[in-house]
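Structure record follows, encoded as structure tokens.
The values are calculated or read from the model by the stated rules, or taken from the named source; none is laboratory data. Here the structure is a predicted model, which is why all the values come from computation and not from measurement. Heads up, the Cβs are rebuilt from the backbone with ideal geometry, glycines too, and the neighbour counts pull from every protein chain shown. Quick note on the areas: whole protein, heavy atoms, side chains included, nothing else; ligands and nucleic acids left out. Shrake-Rupley method; radii C 1.70, N 1.55, O 1.52, S 1.80 Å.
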Amino acid sequence: MKTCVILNPIAGAVKDVDSIHERLNALHPARLNISEKPGEIENLARESVEAGFEQIVSAGGDGTLNEVVNGIAAAGGDSTLAIVPLGTGNDFARTLGVPIDIDEAIEHILRGQIREIDLVRVTSDLVRYFVNVSSGGFSGLVDEKLTPEMKKTWGPLAYLRSAAAAFPQLRGYTTRVTLDDSEALELDLYNVIVANGRYVAGGIPIAPEADIADGLLDAILLPERGKGDLVLLAAQILVGKHLTSDAIIFHRAKKIGIRSKPGMWFNVDGELIGNEPATFELMPKALRCVVPAM
């Protein structure tokens, strides 16, 4: 396939840009772009689709991937997405089973297979697309604390470090959750997670049963609880044993609406996209993606 590689030179695992550039040439790209400023990656991806590239390779972290996905979606083409994980988290790569080792990831792209996976559109202050996870409430506060410097310094532990910084600001939200335009839940929540992929924050299995091609979103709702309950729940989440806990409300739906007081800040794949209300709509098998061959 006619391939374009988009490399984020400041992704968390990038130490030697020239070396990675050379290794990415094993993909025989017709074009290899190195981003130079924030927000540029999405435009590069959109322009690559419009120029007729059949495969767009996201070489970076989850933020890079989110920009590439939005560029592909905005262009409305059928270009295939491939991933070389170079970030601190690489959570969607984990869901796909893409190796974290650069050369192994490249080899999987060269001999992998194409799979149609679900895409999610969220409408809030902005309209954005994502493939992994969006969260609001306490998670939004955590992402506000999560700076690029913290990611560089703490690596995969950065999310836990920022969670500790945000914990004193923990508060509840009077929330209305609408499922598929019919069932409505009135709840007092700390957190809302809408998942297509399985992992967040460098490998935490927040939605351990999520399937990227089942046509459904996984909604994990965290009601207000005592701090002791939250500590126990955090331990369960770290090992993916929380879905059966009575401290969690779990639903699946094709469309999920969130409205709360005070308003929740939502992020998609770690990038803040604005305040609620937010509507999440699943677009079944709307994105072609390279996955490791079985």
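I need a count of the residues in the range 89-100 that are open to solvent by 40 Å² or more (accessible area, probe 1.4 Å) and more than 13 Å from TYR199 (Cα to Cα). Walk me through how you get there before you give the answer.
First, pick out the residues of the range 89-100 that are open to solvent by 40 Å² or more (accessible area, probe 1.4 Å): 94, 97, 100.
Adding the requirement that they be more than 13 Å from TYR199 (Cα to Cα) leaves 100.
Total meeting the criteria: 1.
Picking from residues in the range 51-68 that are in a strand (DSSP E or B) and crowded, with 24+ Cβ neighbours inside 10 Å, the one that is modelled with the lowest pLDDT is GLY60. In the range 36-50, of all residues being under 20 Å from the mean Cα position of the chain (by Cα) and in a helix (DSSP H, G or I), the one that is surrounded by the most Cβ atoms within 10 Å (Cβ to Cβ) corresponds to ALA45.
Can you find a residue that is farther than 30 Å from LEU238 by Cβ and of a type in the set (Phe, Trp, Tyr) anywhere in the range 82-95? Within the range 82-95, not a single residue is farther than 30 Å from LEU238 by Cβ and of a type in the set (Phe, Trp, Tyr). Those strands (runs of 3 or more DSSP E) of the range 184-294 in which at least 1 residues are open to solvent by 20 Å² or more (accessible area, probe 1.4 Å) and modelled with pLDDT of 95 or more, considering only elements entirely within it, cover 249-253, 255-261, 278-291.
One residue stands out in the range 127-153 among those that are at pLDDT below 85 and among the aliphatic types (A, V, I, L, M): the one that is least open to solvent (accessible area, probe 1.4 Å), namely VAL142. Across the range 85-100, the number of residues qualifying as of a type outside the set (S, T, N, Q) and assigned to a loop (DSSP other than H, G, I, E, B) comes to 7. Of the residues in the range 227-247, not one is in contact (Cβ under 8 Å) with a residue 40 or more places away in the chain and of a type in the set (Ser, Thr, Tyr).
Checking each residue of the range 69-84 against the condition of being among the β-branched types (Val, Ile, Thr), in a helix (DSSP H, G or I) and open to solvent by less than 20 Å² (accessible area, probe 1.4 Å) gives at least one match. Residues of the range 101-126 that are surrounded by fewer than 20 Cβ atoms within 10 Å (Cβ to Cβ), part of a strand (DSSP E or B) and not basic (Lys, Arg): GLN113, ILE114, GLU116, THR123. Selection of the range 93-136 for residues being farther than 22 Å from ALA75 by Cα and charged (D, E, K, R) yields ARG94, ASP101, ASP103, GLU104, GLU107, ARG111.
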